[in-house]
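The values are calculated or read from the model by the stated rules, or taken from the named source; none is laboratory data. A quick note: this is a predicted structure, and the numbers were derived from the prediction, not measured. Glycine also receives a Cβ, built like all others from the backbone with ideal geometry; neighbour counts cover every protein chain displayed.
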């Protein structure tokens with residue numbers, strides 16, 4: 001699967017390998033119609049009162065590829081922001097190898 005890593009993100013997605021909240025095997029949902037939806041990075045951090053979860057928009061879904069790739073393909077959100085306003089400075093940080101955009105007040 002030839003993708004430009006500067007533009008695309010690929011995430012493994014095999015509906016046959018999904019697990020429910022209880023850890024039991026289940027079939028994942030069909031992703032038909034998901035194009036244009038968000039691909040989020042879930043970041044958990046331990047606090048004194050438990051785990052704090054933050055969702056960071058990493059990309060916009062464009063394609064779901066089945067066998068043999070079993071992958072979700074997204075366009076990186078920073079590429080989209082640059083296309084909309086190439087001179088607008090954004091606060092960006094790298095997390096787990098993904099460039100993500102984070103609101104300035106977060």
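The table below gives the values:
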quantity: Those residues of segment 45-56 which are more than 21 Å from residue 13 (Cα to Cα), without any contact (Cβ under 8 Å) to a residue 40 or more places away in the chain and surrounded by 10 or more Cβ atoms within 10 Å (Cβ to Cβ), in sequence order; calculated: 52
quantity: Options 28, 59, 44; residue that is in a strand (DSSP E or B) and touching a helix residue (DSSP H, G or I) at 6+ places or on another chain (Cβ under 6 Å); calculated: 59
quantity: Residue in segment 19-26 that is closer than 28 Å to residue 2 by Cα, without any contact (Cβ under 8 Å) to a residue 60 or more places away in the chain and touching a strand residue (DSSP E or B) at 6+ places or on another chain (Cβ under 9 Å) present; calculated: no
quantity: Residues of segment 65-106 satisfying the condition of being part of a strand (DSSP E or B), modelled with pLDDT of 85 or more and under 13 Å from residue 38 (Cα atoms); calculated: 72, 73, 74, 75, 76
quantity: Residues being in a strand (DSSP E or B) and within 26 Å of residue 77 (Cβ to Cβ) - total across segment 7-25; calculated: 5
quantity: Segment 12-39: number of residues that are modelled with pLDDT of 90 or more, surrounded by 10 or more Cβ atoms within 10 Å (Cβ to Cβ) and either closer than 18 Å to residue 56 by Cα or under 14 Å from the mean Cα position of the chain (by Cα) (or both); calculated: 4
